[in-house]
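Enquirer: Can you keep this structure in mind? I'll have questions shortly.
The values are calculated or read from the model by the stated rules, or taken from the named source; none is laboratory data. Just so you know, these numbers come straight off a predicted model, no measurement behind them. For neighbour counting, all protein chains shown are included, and Cβ atoms are generated from backbone atoms with ideal geometry for every residue, glycine included.
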Amino acid sequence: MQGVEISSFASSHANANGIPTFNGSLLEAKFPDSHFDVISLVEVIEHLEQPQLVFSELSRILKPGGLLLLQTANFEAWQAKDAGSAYHYYMPGHVFYYSDALLKKILTEKGFDRFISYFGVDFPLSAKLLKSRGNFRKLSDYLQWFRIGYYHFRSKWKKEGFPMTSSHVLYSFRSR
């Protein structure tokens with residue numbers, strides 16, 4: 001296991017807790033070719049500048065047959081389209097926005113040939129409900145489960161071939 005973290009505080013904390021973590025950017029880390037079996041970027045890729053260099057680096061450091069997991073908003077989804085410029089995912093720190101199709105196009109050019117897309121997320125509703133319960137302070141807080149449940153089920157629906165919600169996880173496998 002190896003982390004990359006731009007925050008010196010976060011990387012120091014990780015290292016102190018036994019998780020080897022490079023302090024800096026992915027492009028500065030200089031990992032060897034074909035070093036990793038799995039690379040996971042959960043809510044990260046939209047923050048990274050120089051996407052062509054980043055995707056080339058991810059391909060270079062991932063072993064053939066390796067898995068790249070990306071979680072980011074899918075801007076082809078109706079949630080993003082309907083909200084337009086008011087979409088909540090437009091925020092400081094997000095420098096690039098992706099769709100499922102765009103990510104697959106970029107990754108295909110970088111040597112990836114097999115993809116599994118999860119619209120919504122790839123974990124069950126029960127996990128979402130249990131996680132949210134940790135923030136509850138009063139009985140009425142459990143009413144949030146209706147909103148969470150509705151969003152979860154809505155994330156499984158499509159309209160005109162596009163997902164209703166923008167939650168998105170992409171599993172990408174490097175062929176070469």
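Enquirer: For segment 14-23, give me each residue that is in contact (Cβ under 8 Å) with a residue 12 or more places away in the chain, closer than 25 Å to Val169 by Cα and surrounded by 14 or more Cβ atoms within 10 Å (Cβ to Cβ).
Expert: Scanning segment 14-23 gives Thr21, Phe22.
Enquirer: Hey, can you tell me all the residues within segment 143-175 that are touching a residue at least 40 places away in the same chain (Cβ under 8 Å) and either in a helix (DSSP H, G or I) or of a type outside the set (Gly, Ala, Ser) (or both)?
Expert: Those that are touching a residue at least 40 places away in the same chain (Cβ under 8 Å) and either in a helix (DSSP H, G or I) or of a type outside the set (Gly, Ala, Ser) (or both): Lys159, Phe162, Pro163, Met164, Thr165, His168, Val169, Leu170, Tyr171, Phe173, Arg174.
Enquirer: Continuing with the same structure: With (1) among the hydroxyl-bearing types (Ser, Thr, Tyr); (2) surrounded by 15 or more Cβ atoms within 10 Å (Cβ to Cβ); (3) more than 19 Å from Ser155 (Cβ to Cβ) as the list, and Ser85 as the residue in question, which single condition is left unmet?
Expert: Going through (1) among the hydroxyl-bearing types (Ser, Thr, Tyr); (2) surrounded by 15 or more Cβ atoms within 10 Å (Cβ to Cβ); (3) more than 19 Å from Ser155 (Cβ to Cβ) one by one, Ser85 breaks only (2).
Enquirer: What's the number of the condition Ser59 fails, among (1) over 17 Å from the mean Cα position of the chain (by Cα); (2) assigned to a helix (DSSP H, G or I)?
Expert: Among (1) over 17 Å from the mean Cα position of the chain (by Cα); (2) assigned to a helix (DSSP H, G or I), Ser59 violates only (1).
Enquirer: Considering each residue of segment 149-158, count those that are touching a helix residue (DSSP H, G or I) at 6+ places or on another chain (Cβ under 6 Å) and within 14 Å of Trp78 (Cα to Cα), and give that number.
Expert: Total satisfying the criteria: 0.
Enquirer: Limited to segment 106-134, what total is found for residues that are farther than 19 Å from Glu43 by Cα, among the charged types (D, E, K, R) and in a helix (DSSP H, G or I)? Even if it seems obvious, please write down each step before you answer.
Expert: So in segment 106-134, the residues farther than 19 Å from Glu43 by Cα come out as 108-114, 125-126, 129-130, 133-134.
Restricting the remaining residues to those that are among the charged types (D, E, K, R) gives 109-110, 113-114, 133.
In the following step, the residues that additionally are in a helix (DSSP H, G or I) were identified as 109, 133.
Total satisfying the criteria: 2.
Enquirer: Then there is this: Select from segment 58-72 the residues that are hydrophobic (A, V, I, L, M, F, W, C) and either in contact with an Asp or Glu (Cβ under 6 Å, 6 or more places away or on another chain) or over 28 Å from Ser166 (Cα atoms) (or both) and list them in ascending order. Write out each step before concluding.
Expert: Step one: of segment 58-72, the residues hydrophobic (A, V, I, L, M, F, W, C) are 58, 61-62, 67-70.
Passing the criteria: only Ile61.
Enquirer: If you don't mind, another one. Would a scan of segment 58-74 turn up a residue that is modelled with pLDDT of 95 or more, closer than 30 Å to Lys159 by Cα and surrounded by fewer than 18 Cβ atoms within 10 Å (Cβ to Cβ)?
Expert: Yes; the residues of segment 58-74 include at least one that is modelled with pLDDT of 95 or more, closer than 30 Å to Lys159 by Cα and surrounded by fewer than 18 Cβ atoms within 10 Å (Cβ to Cβ).
Enquirer: Within segment 135-142, is there a residue that is surrounded by fewer than 17 Cβ atoms within 10 Å (Cβ to Cβ), modelled with pLDDT under 90, assigned to a loop (DSSP other than H, G, I, E, B) and of a type in the set (A, V, I, L, M, F, W, C)?
Expert: Among the residues of segment 135-142, at least one is surrounded by fewer than 17 Cβ atoms within 10 Å (Cβ to Cβ), modelled with pLDDT under 90, assigned to a loop (DSSP other than H, G, I, E, B) and of a type in the set (A, V, I, L, M, F, W, C), which makes the answer yes.
Enquirer: Check Val44, Val54 and return the single one that is within 20 Å of Phe96 (Cα to Cα), in contact with a helix residue (DSSP H, G or I) (Cβ under 8 Å, 6 or more places away or on another chain) and either surrounded by 14 or more Cβ atoms within 10 Å (Cβ to Cβ) or in the same structural domain as Leu170 (by TED's automatic domain parsing) (or both).
Expert: The match here is Val54.
Enquirer: On to the next question. Which ones in segment 26-41 are surrounded by 12 or more Cβ atoms within 10 Å (Cβ to Cβ) and in a loop (DSSP other than H, G, I, E, B)?
Expert: Across segment 26-41, the qualifying residues are Phe31, Ser34, His35.
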